[in-house]
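Read through the structure below, which is laid out as C-alpha cells, and then see the notes.
The values are calculated or read from the model by the stated rules, or taken from the named source; none is laboratory data. Remember, it's a predicted structure, so these values are computed and weren't measured experimentally. Quick reminder, even Gly has a Cβ in these numbers, built from the backbone with ideal geometry, and neighbours come from all protein chains shown. The accessibility values were calculated without ligands, DNA or RNA, using every heavy atom of the protein model including side chains. Shrake-Rupley method; radii C 1.70, N 1.55, O 1.52, S 1.80 Å.
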Amino acid sequence: MASKKFLPQATVVLLLFCATVSAAQAASAEALLADINKLPPAERQKRLEDGARREGVFVHYSVSNAELISAYVKAFMNKYPFIKADFWRGSGNQLVFRTLMEHRAGKLAADVISVGTENVVTLKKAGLYARYRSPESQFYPREQYDKDGYFHADSLGLATIAFNHRLVKKEEAPKTYNDLLDPKWKGSLTIDLEPERMLTAWLLAWREPKTQDFVQKLLSNGTTVRRGHTLQAQLLCAGEFKIAVEIYPDAILRMKQNGCPATIVFANPTPAVIGGNYAIYANTSHPHAAALFIDFALSAEGSKILAATGRVHRRKGMKSFYEELSELDERAVPLLVITPEQTEEVRKPMEKIMRELLVR
C-alpha cells in the first residue's frame, strides 16, 4: 500500500506535463521580485507594500491545520489592513489535486502554496513555483530554504519515542532504537501504520537492508500496528501500551498538559522533517502580496504564531512553547534534518516497507 500522502504516478506525470505551462509567467514574477530585492531595505518594503496595496487581495493554499492558517492570515491582515487575505486548507493529496486541476484550467487562485514535504519536489519540478529569496531566510539554518529560492521552510516536524512513565521507570525506559527490541517490551509497543518520519530517518541513516531488518524485529517483538498518530498518543496516555515507537512530540506534550503521563525520548537519529514550505505560485496575480506574506510568516512576529502551538520553529532565537522542544541544537539532540529532496530519495523503499511489513 502506498502512503496516501504521496502522489499516484499518473498525477506525477500530469504535473510534469504542466511544467512548460508556467515558465513564462514564473519568469515574470521572478524578475519583478528579484528587481525589488535589489533595493535598500526601506525602499524594498515600500515597493512591496505599494504593489500589494494595488493588488488588494491574497490567497494561501496550505496543508497546515485551519486554526493555524487562520491565525497567520488574521495577523497578516492586521499588519497590512489594505490586503484582504483568505486561505484554503486541504489535506495531503487533496491540496495537490486541487492545485493541479485549477492550475491546468487557468483558475488557480492561490498566491502562496504550502504542501507537505513529501510533495515539494514534485511541484517544484512541475514548474508551479516561482523563485523568491526572502531576506528573512538569513535567520534560518541553510537546510530550511531551497538553494534555488523556490521555497522557504520555517519549522521541523519531529518524531520521537515516548513511554508512559506510570508504567515504565525512567531508568528502565528505552534510550536507543535497539532498546525497543528487548524481550521485556514484548507486546508493550505500538507503531503507526505509516511511520513516515521514522522510516525516512532510518532509511537515510541505515539504508534499506538494516531498516527492513529492524522493522521485522520490532514486529517480532509484538509491536502492535495501528493507524493514526493521535490514536497512538491516546492509547499511550491511557496505558494501553507502555511505549510508542513513533510519536509526534508536540502533540503528546499538549496531552501531557492535561495529565497524560508521557515522557519523550530523543533516540539517535531523531527525525526532523522540515515544514512550512512556503512557495509563491508561478502564475500569481499578486506577487507583491505573496512576497509580503512569506516575509511575514518567516519574521520574528510571524514566527511567534507557530512557536506558540508548541511546534519546533527554526528561526534563530525562537523557542518552542514546550521546554522539552526548545534549544535542541544547544542540547545536542541528535536531530537528522530531512529535506524534501531526501524524502523523495527514500520514498520508494519506505512505501515498500510499509506495504510489505506493516499492512496486514
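Observations on the structure shown:
- Of all the listed residues (PHE266, PHE321), the sole one being of a type outside the set (Asp, Glu), touching a Gly at 6+ places or on another chain (Cβ under 9 Å), over 30 Å from PRO41 (Cβ atoms) and open to solvent by 30 Å² or more (accessible area, probe 1.4 Å) is PHE321.
- No other residue among GLN212, GLN216, GLN257, GLN232 is within 20 Å of the chain's Cα centre (by Cα) and either more than 30 Å from GLU30 (Cα to Cα) or touching a residue at least 24 places away in the same chain (Cβ under 8 Å) (or both) apart from GLN232.
- So THR211, is it modelled with pLDDT under 95 and within 30 Å of PRO141 (Cα to Cα): no
- Those residues of segment 158-180 which are under 29 Å from the mean Cα position of the chain (by Cα) and not in a strand (DSSP E or B), in sequence order: ALA159, HIS165, ALA173, PRO174, LYS175, THR176, TYR177, ASN178, ASP179, LEU180
- Residues in segment 225-239 that are in contact with a strand residue (DSSP E or B) (Cβ under 8 Å, 6 or more places away or on another chain), more than 25 Å from LEU328 (Cα to Cα) and not hydrophobic (A, V, I, L, M, F, W, C): ARG226, ARG227, GLY228, GLY239.
- Residues in segment 32-53 that are surrounded by 14 or more Cβ atoms within 10 Å (Cβ to Cβ) and not in a helix (DSSP H, G or I): 0 in all.
- Conditions (1) under 12 Å from ILE161 (Cβ atoms); (2) surrounded by fewer than 17 Cβ atoms within 10 Å (Cβ to Cβ); number of the one not met by LEU219: (1)
- Looking across segment 96-113, just one residue is in a loop (DSSP other than H, G, I, E, B), charged (D, E, K, R) and either within 14 Å of SER62 (Cα to Cα) or open to solvent by less than 10 Å² (accessible area, probe 1.4 Å) (or both), and that is ASP111.
Residues are listed down the side, and each one gets a yes or a no for (1) modelled with pLDDT under 95; (2) within 30 Å of THR224 (Cα to Cα); (3) of a type in the set (D, E, K, R):
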site	(1), (2), (3)
LYS319	yes, no, yes
ASP329	yes, no, yes
VAL333	no, yes, no
LEU336	no, yes, no
VAL346	no, yes, no
GLU351	yes, yes, yes
LEU357	yes, yes, no
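- Within segment 143-165, residues that are on the phi > 0 side of the Ramachandran plot sit with their Cβ atoms under 7 Å from residues that are at pLDDT 95 or above and buried (at least 23 other Cβ atoms within 10 Å of the Cβ), at 6+ positions apart or across chains, in these pairs: GLY149/TYR132.
- Among the residues of segment 171-207, those identified as open to solvent by 80 Å² or more (accessible area, probe 1.4 Å) and farther than 23 Å from THR230 by Cα are GLU171, GLU172, ASN178, PRO183, LYS184, ARG207.
- Flag if ARG166 is of a type in the set (D, E, K, R) and either in contact with an Asp or Glu (Cβ under 8 Å, 6 or more places away or on another chain) or within 22 Å of GLY310 (Cα to Cα) (or both): no
Residue by residue, here is whether (1) over 25 Å from GLU351 (Cβ atoms); (2) at pLDDT below 90 holds:
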{"site": "ALA52", "(1), (2)": "yes, no"}
{"site": "GLY56", "(1), (2)": "yes, no"}
{"site": "SER64", "(1), (2)": "no, no"}
{"site": "ILE69", "(1), (2)": "yes, no"}
{"site": "GLN94", "(1), (2)": "no, yes"}
{"site": "VAL121", "(1), (2)": "no, no"}
{"site": "LEU128", "(1), (2)": "no, no"}
{"site": "ARG131", "(1), (2)": "yes, no"}
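- Verdict on GLY116 being open to solvent by 10 Å² or more (accessible area, probe 1.4 Å), modelled with pLDDT under 95 and at positive phi: no
- In segment 54-77, the residues that are in a strand (DSSP E or B) and not aromatic (Phe, Trp, Tyr): VAL57, VAL59, HIS60, SER62
- The set of residues in segment 124-138 that are hydroxyl-bearing (Ser, Thr, Tyr) and within 15 Å of LEU39 (Cα to Cα) comprises TYR132, SER134.
- Cβ pairs under 6 Å, 6+ apart, first in segment 314-329 and of a type in the set (Val, Ile, Thr), second buried (at least 17 other Cβ atoms within 10 Å of the Cβ): none
- Leading residue by the ranking (surrounded by the fewest Cβ atoms within 10 Å (Cβ to Cβ)) among those in segment 226-245 that are at pLDDT 95 or above and assigned to a strand (DSSP E or B): ILE243
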